Amino acid sequence: MSEAPVVRFEVVEGIGVITVDYPPVNALGPGVSDGIVAAVDQGNADPAVQAMVLMGAGRSFIAGADIRRFGKPRPPSPRRSYDALDASGKPVVAAIHGYALGGGLENALACQYRIAVPSAKVGLPEVLIGILPGGGGTQRLPRLIGAKPALEMIVSGRHVPAEEAKALGILDALVAGKDLRSEAIAFAKGIIGKPVRRISTMPPAKAEPGLFEAMRKSIARKARNQTAPYHCIAAVEAATTQEFAEGMATERRLFSELENAPEAKALRYAFFAEREIARIPFLPKDLALPEIRTAAVVGAGTMGGGIAMSFADHGFPVKLLDVSPDSLARGLQRIRDNYAVSVKRGSLTQAQMDERFPLIEPVETYEAIADCDVVIEAVFERLDVKQEVFAKLDAVMKPEAVLLTNTSAIDIDKIAGATQRPQMVAGAHFFAPANVMKLLEVVEGPRTAPAVLAATMKLGRAIGKISGYAGNCDGFVANRSRIYFTMEQNLMVEEGALPEQIDRVMVEFGYPMGPFAVNDMSGLDVSYLTRRRRLAEDPNYRMLPIPDRLVESGRKGQKTGAGWYRYEKGDRTPHVDPEVHRIIKEVAAEQGIEQRPFTDEEVLRRLLFAGLNEACKIIEEDKALRASDIDVMWLNGFGFPRYRGGLMFWADSIGAQEIYNQIAAWHQRYGDRWRPSELLRQIAESGGQLKDAKSPRLR
Ligand code: 3HC
């Protein structure tokens, strides 16, 4: 049996309908582009055809070029679909539903008309994978809608909703009817005989003076170390100074400079890693998952409130339970304030706030949540407090309810043990602020039922999170790998590196903020208390006398105007403070630690190798499934620069052998905390790649 063609052509009432059918998202995979060219030729050759429609089958128009094919040799296309559509003697209408992204929108721009259903989204998101629109998007879009809005779209890569796209002039019409195909055919009939419009014949776009320089300045901080955003600007600039053919050549040249650069490779890797993390291969495929339509959150603190907002933001009704009426009122007010700030900043409309806020229903009794499909506990981080909550949940919740704990480190099984249904309990570890951060660690306890694990992964996606599997261990995957970074950050200061040097190195590497500035923002007192708790549990726990001394002298971070840095009133800019230098020297002397200068490279490696060594141990212990999952967690939980792919992907640029040798040397020098991971040793010996590491259960 021959395979169904990826592009179909049929003639309906004098209109040639070209349908791309390449699941799941009609990416321009093998045969699609050539199929469009052949169909356009067929339509032009057929006297019965007077106009054409280009559309996508399934859930989307065309989601862009096939990202899997980038970086690999591709046979050159004798004619590109964009050129065939542009040159078509008979007008073509792009009829868009779902997504028209990247090459998808570029094909639509090469058509003479574009219509869409109101739920459609269009965009040129190439910059997000380290390239630029290479199918004429940088030349056609500015000519069609003007340089300024085109520049903003191309440099941000954002998805533009259909209504806005219509207002910008990208779309000619929105069609409200149920059947896009017949609407498109009707539209195509209406353009027969009208003069054919081609964007490629329009003169260069006009740009206000200083537009491009201003854009370069405005992205300087975010686009640090990156090339693609600047090449995007240069390509759009060409659309304002060069004729179409010349601009296309400029676009092609800039595109080819980006496609195989490390930045694009890292961003493509991150794109696929963020999809791979959703898969837990050892779960049976045919699991019957508990339905989740209604949710409850226990604990109206900052975390509980943020979790409730994540539900409301995705249209889920959610009950917020706190047995203290005061805490409940405060929690609700905090949520209202958070939404109001978003409205003020313009990231949310008042109408959206009015839709979302009422979805959060405050309740004061456990009975009031008994019927919910899922409950997420977000109370104080102490085992006995959590066990008390779970015993109460066990008493009231319906038997099929999924019971989740938002602990960041406590043994899930001990919490599950407070119930008679430990199989229904799993961890759902959100990152603060929970309504903003994309990462959700889904923790499997030893007794968690596979269907509960799968349902929690799915729930995370339904509320806009990237769900990642974590095994039950202290700190789970993300925090456990990160804690060694934090430890080294403090120990290097004891040894003579200054906080401002460490922060500078990490910002230059690509973090949005240095780790000490982050500490000051979140407050030094929280980890101060955690260290005391840990010491009570483990007398050998390594204390950190410098941050302890800071807290004890009233320096708790931004909120007290001083921490690792000094702050002016009402300003969050960190200022280097000689008093901190004095405290560091004083404590180091008391501890008998000799101080020495650090090179920037040593700073970077000490922090990242510490995380990496532990990450390898987590994988070898089966607590994380893949190296790429850890990368996704560092990207979405800790601000690791995306254009470096993630911790493990970045490490491959140095090589496992060199890293192993360094860690082994530090093991000799500093002792057990640097004991090299066995998995790292094996990868180093075999000459393998860290990014490909998998847990034993996936091998
Ligand atoms: N190429 C290859 N595979 C793609 C793809 C693409 N452009 N877009 C999506 N996929 C795959 C995903 O990997 C995933 O595969 P899997 O099921 O095996 O994991 C599957 O399609 C479904 O994707 P999502 O899980 O992401 O589905 P969503 O519904 O959540 O999102 C989407 C859909 C918004 C289209 C999202 O997939 C997306 O953003 N895709 C990338 C869009 C993009 O960047 N387009 C530009 C490509 S570059 C280009 O066009 C260059 C040109 O200028 C020359």
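The values are calculated or read from the model by the stated rules, or taken from the named source; none is laboratory data. Remember, it's a predicted structure, so these values are computed and weren't measured experimentally. No Cβ is skipped: glycine too gets one built from the backbone with ideal geometry, and neighbour counts run over all protein chains shown.
Only a single criterion out of (1) surrounded by fewer than 18 Cβ atoms within 10 Å (Cβ to Cβ); (2) under 11 Å from Ala116 (Cβ atoms); (3) of a type outside the set (D, E, K, R) is not satisfied by Ala184, namely (1).
Only one of Pro149, Pro161, Pro142 is more than 11 Å from the ligand (Cβ to nearest atom), touching a Pro at 6+ places or on another chain (Cβ under 9 Å) and closer than 17 Å to Cys111 by Cα; which?
From the options Pro149, Pro161, Pro142, the qualifying one is Pro142.
When you scan the stretch 99-108, do you find a residue that is of a type in the set (D, E, K, R), without any contact (Cβ under 8 Å) to a residue 12 or more places away in the chain, more than 17 Å from Glu10 (Cα to Cα) and within 14 Å of the ligand (Cβ to nearest atom), even just one? Looking for residues that are of a type in the set (D, E, K, R), without any contact (Cβ under 8 Å) to a residue 12 or more places away in the chain, more than 17 Å from Glu10 (Cα to Cα) and within 14 Å of the ligand (Cβ to nearest atom), one finds none in the stretch 99-108, hence no. When Arg114 is tested against (1) buried (at least 18 other Cβ atoms within 10 Å of the Cβ); (2) not in a strand (DSSP E or B), exactly one condition is not met: (2).
Of Ser88, Ser77, all but one fail to be within 12 Å of the ligand (Cβ to nearest atom), surrounded by fewer than 24 Cβ atoms within 10 Å (Cβ to Cβ) and over 25 Å from the mean Cα position of the chain (by Cα); the exception is Ser77.
Can you name the residue in the stretch 150-176 that is closer than 22 Å to Ile233 by Cα and of a type in the set (Gly, Ala, Ser) and is also surrounded by the fewest Cβ atoms within 10 Å (Cβ to Cβ) among such residues? Among those residues, the one meeting the criterion is Gly169.
Taking helices (runs of 4 or more DSSP H) as the structural unit, those lying wholly within the stretch 445-560 and holding at least 2 residues that are buried (at least 23 other Cβ atoms within 10 Å of the Cβ) and of a type outside the set (S, T, N, Q) correspond to 450-462, 478-495, 499-509, 515-522, 545-552. Among the residues of the stretch 394-415, the ones that are over 18 Å from Ala451 (Cβ atoms) and surrounded by 22 or more Cβ atoms within 10 Å (Cβ to Cβ) come to 3 in all. Say we look at the stretch 63-74 and pick out the residues that are assigned to a loop (DSSP other than H, G, I, E, B) and either among the basic types (Lys, Arg) or within 15 Å of the ligand (Cβ to nearest atom) (or both); which of these is surrounded by the fewest Cβ atoms within 10 Å (Cβ to Cβ)? In this case the residue turns out to be Lys72.
Restricting the stretch 638-680 to residues that are of a type in the set (Phe, Trp, Tyr) and not in a helix (DSSP H, G or I) leaves a set whose member that is modelled with the lowest pLDDT is Phe638. Kindly evaluate Leu625 against the criterion of being under 20 Å from Val518 (Cβ atoms) and at pLDDT 95 or above. So Leu625 fails the test. When Ala234 is tested against the conditions (1) under 30 Å from Leu453 (Cβ atoms); (2) within 16 Å of the ligand (Cβ to nearest atom), the lone failure is (1).
Each residue in the stretch 16-75 was checked for being out of contact with any Ser or Thr (no Cβ under 6 Å at 6 or more places or on another chain) and at positive phi, and 4 of them qualify. Filtering the stretch 74-91 to residues that are among the aliphatic types (A, V, I, L, M) and touching a residue at least 60 places away in the same chain (Cβ under 8 Å) leaves nothing. Contact map, the stretch 121-138: first residue touching a residue at least 40 places away in the same chain (Cβ under 8 Å) and under 25 Å from Arg224 (Cβ atoms), second residue part of a strand (DSSP E or B) and within 7 Å of the ligand (Cβ to nearest atom), Cβ cut-off under 7 Å, separation 6 or more or different chains; pairs are Pro125/Leu101. None of Gly103, Gly71, Gly123 is of a type outside the set (Val, Ile, Thr) and closer than 20 Å to Ala205 by Cβ except Gly123.
Here Ser695, Ser686 are screened, and the one residue that is among the polar types (S, T, N, Q), at pLDDT 95 or above, more than 30 Å from Val436 (Cβ to Cβ) and surrounded by fewer than 22 Cβ atoms within 10 Å (Cβ to Cβ) is Ser686. If the condition is being in contact with a Ser or Thr (Cβ under 9 Å, 6 or more places away or on another chain) and of a type outside the set (Phe, Trp, Tyr), then the stretch 643-682 contributes Arg644, Gly645, Gly646, Leu647, Met648, Ala656, Ile663.
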